[in-house]
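The values are calculated or read from the model by the stated rules, or taken from the named source; none is laboratory data. All values derive from a computational prediction rather than experimental measurement. Don't worry about glycine lacking a Cβ; one is built from the backbone with ideal geometry, like all the others, and counts go over all protein chains shown. Accessible surface areas use protein heavy atoms only, side chains included; no ligands, DNA or RNA. Shrake-Rupley method; radii C 1.70, N 1.55, O 1.52, S 1.80 Å.
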Amino acid sequence: MKAWIFDLDGVVVDTAKYHYLAWRKLAAELGFEFGEEHNERLKGVSRMRSLEIMLEVGNLTVSPEEKQELADRKNGYYLEMVSGIDSSEILPGIPEFIQRIKAKGGKIALGSASKSGRMILEKLGLAEQFDVIVDGNLVQKAKPDPQVFLEAAKLLKVPCEDCVVIEDAKAGVEAALAGHMHCVGVGDVEMLGAADLVVSDTTKLLKAVFPWEK
Ligand code: B16
Ligand code: MG
């Protein structure tokens, strides 16, 4: 495989916990509780779609202007929460996995829905490892649309069939397959079973993907 396209949240770093805390804080201000049981639905989906899901949970209807204000407010909380993150938050096994791919001449891209994708990679000290960074600023269509991964393949100049996407969200696995790419799921096999290979966590990636190597 010539190119490896990494999702960010849930694959490179667990920013989901900060997204969740920020949505939770917003929900509390709006007068309802946003529990962990709803959090799975937010993974991999855009900020606006996440807000719509959150409002659905709280049974609230708001105007388009209020929606924008709420999305901006949540993002403000999120940015404050991630302002201090550093390389200690990179998920285990990811630096070694990236190194092995690069040592074999593979290319690395980011394919994230997050508009803060590049900034987070920079804070983690990983931005230089990525040949191409495609985040929420470069795409209009959210996963499960394959746009984010197709854009990464295009910028890398690698055909889709030579790309592998690493994803932790169902919508992300669906996006990879819709883009005719290979896909490795990280997480629950029940949820990500459509992927070509599923590992339970990031520490298992290296061995599962390159089983013949030490
Ligand atoms: P932002 P990924 C996604 O990142 C998150 O999983 C999702 O929860 C979030 O709503 C989305 O990014 C947008 O993030 O508000 O920072 O633009 O998994 O695609 O790397
Ligand atoms: Mg993700």
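Test of the criteria: in segment 1-107, which GluC sites (Glu not before Pro) are in a DSSP loop and have at most 11 other Cβ atoms within 10 angstrom of their Cβ?
Numbers: sites: 29, 33, 36, 37, 40, 52, 56, 65, 66, 69, 80, 89, 96; in loops: 33.
Hits after loop and neighbour filter: 33.
With viscosity set to 0.692 mPa s at 37 °C, what whole-number translational diffusion coefficient in µm²/s follows for segment 148-203 from Stokes-Einstein and a Kirkwood radius over Cα pairs? Before the final figure, lay out each step's value.
On the way: Rh = 11.1 Å.
Result for D is 295 µm²/s.
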### Query
Can you list the equivalent-ellipsoid semi-axes of segment 82-214, largest first and in whole Å, using the square root of 5 times each Cα gyration tensor eigenvalue?
20, 19, 16
### Charge dipole of the chain about the Cα centre (unit charges at C-beta), most positive-ward option of 77, 105, 116
105
### Message
Straight-line reach only, C-alpha to C-alpha below 17 angstrom: list the aspartates and glutamates that residue 143 could link to, leaving out same-chain residues fewer than 8 apart.
### Response
7, 9, 40, 52, 135, 151, 167, 168, 174
### Distance between modelled label sites at residue 69 and residue 83, nm, 7 Å Cα→Cβ extension
2.3 nm
### Query
Can you pick out the pairs among 102/154; 17/204; 123/157; 104/141; 115/170 whose Cα atoms lie more than 23 Å from each other?
123/157; 104/141
### Message
With n ≥ 4 as the cut-off for DSSP H runs, can you work out [θ] at 222 nm for the chain, using -39500 (n - 2.57) per run divided by the number of residues, rounded to the nearest 500?
### Response
-12500 deg cm²/dmol
#### Entry: Qualifying trypsin sites (Lys or Arg not before Pro) in segment 143-184, DSSP loop, other Cβ atoms within 10 Å at most 14
157
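Working from the pairwise distances between different alpha carbons, so that the mean of 1/r is found and then inverted, what is segment 1-112's Kirkwood radius in Å? Spell out each step's value before the answer.
On the way: mean 1/r = 0.0637 Å⁻¹.
Hydrodynamic radius (Kirkwood, Cα pairs) of segment 1-112 is 15.7 Å.
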### Query
Where in segment 135-172 is the amide nitrogen less than 16 Å from a point lying 7 Å along the Cα-to-Cβ axis of residue 56?
142-145, 170-172
### Message
Rolling a 1.4 angstrom probe over the protein chains, ignoring ligands and nucleic acids, what is the accessible area of residue 91 in square angstrom, nearest 10?
### Response
40 Å²
### Query
Placing +1 at every Lys and Arg Cβ and -1 at every Asp and Glu Cβ, with all other atoms neutral, what dipole size does segment 54-185 have around its Cα centre, in debye to the nearest 20?
380 debye
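Please sort 195-208, 176-189 by packing, taking for each peptide the average over its residues of neighbouring beta carbons within 10 angstrom, highest first. Before the final figure, lay out the partial values.
Working: 195-208: 17.4, 176-189: 21.1.
Packing proxy ranking, top to bottom: 176-189, 195-208.
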### Task
Take each complete run of DSSP H in the chain, measure how far its Cα atoms stretch along the helix's own axis, and keep only those covering 18 Å or more with mean Kyte-Doolittle hydropathy at least -0.5; list them.
16-30
